[in-house]
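Asker: Pasting a structure below so you can have a look.
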Amino acid sequence: ELGLPGGAAALASTFRSLSTEPLAAASIGQVYRGTLHDGRTVAVKVQRPAILDEIGLDLYLLRLLTPLQTRISNAVNRLPTYDADIASAQALVDEWGRGFVAETDYLYEADNTESFAEAMARRGLGAVTSPAVVRELSSSRVLVTEWVDGTR
C-alpha cells in the first residue's frame, strides 16, 4: 500500500530499484532501500501485516493481567492493594496503548518527523536533522523518507 494508483504494478514506475530483503527491522515494520526514478535514494518503511491486531491482543492481555500484577507487586513490597492502585495501573496501560496505536499510523510519524525538523530549524539547530519525508509515496502503512547513511 504505497497509495499509488495501480498498486504493485506501480512499484516499477516509481522505483528504479528496491531491495528485495529488508535492511533493518523497525518495531512495527521493516525498512527497505530504494532508488526513485529521479535518482533519490530513499528508505521505505513498510508496516508488518496485521500489526494492529497483534498490538490489540497484547494490550488486551496486558490490561487483563494488570490487576494481578498490581496485587503481586504490592504483596512483594508488603503493601496493601487498593482499588485506586489497580485503576491507576490500568489507566497507565490504556495511555500506553493509545500511544502504541498512534504509532501504527505512519502519516502521524511523518507529521512528527517534519515537525521535529521545523522545530530544530527554528531553534537554529540545523545540525540536528531528520530525513525528509516523501509525502507523495507515504501512507498510513508505508513511510518513505530520504535515505540517510549512518553507522552502528
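The values are calculated or read from the model by the stated rules, or taken from the named source; none is laboratory data. Keep in mind that what you see is a predicted model, and the values were worked out from it rather than measured. Neighbour counts are summed over all protein chains in view; Cβ atoms, including those assigned to glycine, are modelled from backbone coordinates with ideal geometry. All accessible areas refer to the heavy atoms of the entire protein, side chains included, with ligands and DNA or RNA removed. Shrake-Rupley method; radii C 1.70, N 1.55, O 1.52, S 1.80 Å.
Asker: Among Y60, S73, V31, whose Cα lies farthest out toward the positive end of the dipole of segment 27-99, if unit charges sit on the beta carbon of Lys, Arg (+1) and Asp, Glu (-1)?
Answerer: V31
Asker: Taking all pairs of distinct Cα atoms, average 1/r, flip it, and tell me the Kirkwood hydrodynamic radius of segment 59-112 in Å to one decimal place. Please list the in-between numbers first.
Answerer: Details: mean 1/r = 0.0798 Å⁻¹.
By the Kirkwood definition, the hydrodynamic radius is 12.5 Å.
Asker: For the chain, what does -39500 (n - 2.57) per DSSP helix run (n ≥ 4), summed and divided by total residues, give at 222 nm, in deg cm²/dmol to the nearest 500? Walk me through the intermediate numbers first.
Answerer: On the way: 4 runs with 69 residues, N = 152.
After summing the helix terms and dividing by residue count, I get -15500 deg cm²/dmol.
Asker: Local charge sum around R40 (other residues, Cβ-Cβ under 15 Å, Lys/Arg +1, Asp/Glu -1)?
Answerer: After counting each charged neighbour, the total is -1.
Asker: For segment 95-148 and segment 16-41, what is the separation of their C-alpha centers, rounded to whole Å?
Answerer: Between the Cα centres of segment 95-148 and segment 16-41 lies a distance of 17 Å.
Asker: About the Cα centre, and with charges only on the beta carbon of Lys, Arg (+1) and Asp, Glu (-1), how big is the dipole of the chain? Nearest 20 debye, please. Don't skip to the end; give the middle numbers.
Answerer: Details: 14 positive and 19 negative charges, 70 e Å.
Approximately 340 debye in magnitude.
Asker: Note down the nm distance, to one decimal, between modelled labels 7 Å out along Cα→Cβ at I55 and at E95.
Answerer: Result for the modelled spin labels: 1.8 nm.
Asker: What accessible area per residue comes out for the chain, rounded to a whole number of Å², with a 1.4 Å probe? Can you show the working numbers first?
Answerer: Working: 9940 Å² over 152 residues.
Computed with neighbouring chains in place, this is 65 Å² per residue.
Asker: Can you give the angle from 0 to 90° between the axis of helix 83-103 and the longest principal axis of the chain, with both taken from C-alpha atoms, to the nearest 10?
Answerer: 10
Asker: Another question about this same structure. Find how much the distance from V148 to S130 grows on full extension, using 0.36 nm per residue of separation minus their present alpha carbon separation; answer in nm with one decimal. Working shown, then result.
Answerer: On the way: separation 18, 0.36 × 18 = 6.48 nm, distance 0.87 nm.
Full extension from V148 to S130 adds 5.6 nm.
Asker: In the neighborhood of V101, defined by Cβ-to-Cβ distances under 15 Å, what is the net charge if each Lys or Arg adds +1 and each Asp or Glu adds -1?
Answerer: Counting the neighbours of V101, the net charge comes to -4.
Asker: Compute the acute angle (0 to 90°) between the alpha-carbon long axis of helix 106-122 and the principal axis of greatest extent of the alpha-carbon atoms of the chain; round to the nearest 10°.
Answerer: 80
Asker: How big is the charge dipole of segment 1-90 about its Cα centre, in debye rounded to the nearest 20, if each Lys and Arg gets +1 on its Cβ and each Asp and Glu gets -1 on its Cβ? Don't skip to the answer; put the middle values down first.
Answerer: Values: 8 positive and 8 negative charges, 51 e Å.
Once rounded to the nearest 20, the dipole reads 240 debye.
Asker: At N74 and L36, where each label point lies 7 Å from the Cα along Cα→Cβ, what is the point-to-point distance in nanometres?
Answerer: 5.5
Asker: Tilt of helix 51-76 relative to the longest C-alpha principal axis of the chain, in degrees (0 to 90, nearest 10)?
Answerer: Orientation of helix 51-76: about 30 degrees from the principal axis.
Asker: Can you tell me the mean projection area, over all orientations, of the convex hull of the chain's alpha carbons? Units nm², please.
Answerer: Values: hull surface 51.8 nm².
Orientation-averaged projected area of the Cα hull: 12.9 nm².
Asker: Here is a further query. Which of A132, F100, G150 sits farthest toward the positive end of the charge dipole of segment 99-152, with +1 on the Cβ of Lys and Arg and -1 on the Cβ of Asp and Glu?
Answerer: G150
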